[in-house]
Amino acid sequence: MRQAALAILGAAALAAGQSGTPALAQEQAPEVIEGADATVTLHPFPFLEAEELSLLRQIAQSAPAREALLGEGGGYAAIAAAPLEGFFRGGAPVESAVALAQLPDAETAREEALAACDDARGTDEPCVVLLEVAPGA
């Protein structure tokens, strides 16, 4: 599940053709994107570089990406990253970044993504959830 979800991140980045000097994202309230197929909550933390924030927004707005994260059974998904490491740097997913998909509920998606990220991170600051995907109503 993690590899498929991270492949989505890579494909979205290639489609975006992003380049340039990264800038820190300004702290904002969560962004909620509601669609017929899914509800996506994006948490734009200040540590996110412009490229990362753009990529997260692309994933949130992409029907194929949401479908891949939800799976055929309409599961839940979460993407987590370590604040001092980011989640997509130098054109590739960061090793500690975790995207888990097709899980039974929102809490499980968040907890498992955070736990996997915390296990993989190389810094002291705990991981945070950047993106949550839930099946639509």
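Net charge in the neighbourhood of residue 41 (other residues with Cβ under 14 Å of its Cβ; Lys, Arg +1, Asp, Glu -1) is -1. Using the Cβ of residue 95 as centre and a radius below 9 Å, the other residues enclosed give a net charge of 0, where K and R count +1 and D and E count -1.
Readers should treat all values here as calculations from the given coordinates under stated rules, not as data from a laboratory. Computed from a predicted model, the values in this text were never measured in an experiment. Positions of Cβ are backbone-derived with ideal geometry, glycine not excepted, and every protein chain shown enters the neighbour counts.
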